[in-house]
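Inspection log for the structure reproduced underneath, given as structure tokens.
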Amino acid sequence: MTTPKFITFEGIDGSGKSTQSRLFADHLRAQGHDVILTREPGGSPGAEEIRQLVLTGDPDRWSAETEILLFTAARRDHLEKTIQPALAAGKIVICDRFADSTRVYQGATRGDLRTMVDSLHVLMIGREPDLTFIIDMDPATALERGLARKSGEDRFEDFGLGFQETLRHGFLALAHAHPNRCVLVDGNRTPEQIASEIAAHL
Ligand code: ADP
Ligand code: MG
């Protein structure tokens, strides 16, 4: 197997994606790899601007379709300005959330728009990660962790337990649909235990 260069972390809110992205980037850097750590939504100046436009807190500002277009535009900019240049320079790119999050969130909230999400991805993004770690865990524990988190930068959205359960099943379905790309990781352990399992994959 060739070394994966574009690696994403996915999973429900509070599952430890940001924690594990950081730990994995640290681990690869300690091994001498040139690594960039990026995240979505956002990840490039233009995509961060679009993120601010979308996350207004006003549910009537954008239609569901326009919101998907804006997120696709943001991802396109992130890909053009951050991800592709880093890959072209031979770096490993670790991305904290990517297209799978859009698929699962839009699938859970607006299932009827899932086809639009997939078509836009093919048309405007056209790139899947080489490797995706999907952190799976008990939604109740993830919710507690998320609510305990203080940082405003990585804000936590409390959609409630039932919704977290729906999202969890969306991520599990993706993992099963793409077994060559996705690795399921049990997130109900200490950060160090999870990190060492993830590190063992490269
Ligand atoms: P995500 O990015 O998936 O929403 P975070 O990595 O931000 O999740 O983790 C959510 C909160 O839980 C943070 O406060 C983090 O320090 C804590 N945390 C992360 N991983 C673990 C773990 N394995 N066990 C206990 N707490 C954790
Ligand atoms: Mg996070």
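The values are calculated or read from the model by the stated rules, or taken from the named source; none is laboratory data. Here the structure is a predicted model, which means the values were calculated and not measured. Here the Cβ positions follow ideal geometry from the backbone for every residue, glycine too, while neighbour counts run over all protein chains shown. Remember, those area values only see protein heavy atoms, side chains included, never the ligands or the DNA or RNA. Shrake-Rupley method; radii C 1.70, N 1.55, O 1.52, S 1.80 Å.
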* Structure fact -> Placing each pseudo-label 7 Å from Cα in the direction of the beta carbon, THR115 and GLU192 end up separated by a distance in nanometres of 5.1
* For the chain, with every protein chain kept in place, what is the accessible area per residue (1.4 Å probe, Å²)? -> 49
* To do: Run the dipole for region 88-202 about the Cα centre, Lys and Arg Cβ at +1, Asp and Glu Cβ at -1, nothing else charged, and hand back the magnitude in debye, nearest 20.
  => 260
* Using 7 Å Cα-to-Cβ label points, what is the ALA199/ALA173 separation (nm, one decimal)? -> 3.6
* Structure fact -> Classified through the alpha carbon gyration tensor (a ≥ b ≥ c as square roots of its eigenvalues; rounded if a/c is under 1.5, else prolate when a/b is larger than b/c, else oblate), region 60-182 comes out rounded
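Might you report the magnitude of the Cβ-based charge dipole of region 1-62 about its Cα centre, with Lys and Arg at +1 and Asp and Glu at -1, to the nearest 20 debye?
Using Cβ point charges on Lys, Arg, Asp and Glu, region 1-62 gives about 260 debye.
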* Structure fact -> Over the chain, the sum of -39500 (n - 2.57) across DSSP H runs of at least four, divided by residue number and rounded to 500 deg cm²/dmol, gives at 222 nm -14500 deg cm²/dmol
* Structure fact -> Straight-line reach check, LYS91, cutoff 17 Å on alpha carbons, 8 or more apart in-chain or any other chain, hits among aspartates and glutamates -> ASP26, ASP34, GLU80, GLU128, ASP130
* **Rounded to the nearest 10 Å², the accessible area of LYS81 at probe 1.4 Å** => 130
* Convert each backbone phi in region 124-129 into a coupling constant with the Karplus relation 6.51 cos²θ - 1.76 cosθ + 1.60 (shift: θ = phi - 60°), then list the ³J(HN,Hα) values in order as whole Hz, x for Gly and Pro. => 10, 10, x, 9, 9, x
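Could you check how much of the accessible area of region 6-200 is carbon and sulfur, as a whole percent, using a 1.4 Å probe?
Reported share for carbon and sulfur atoms: 53 percent.
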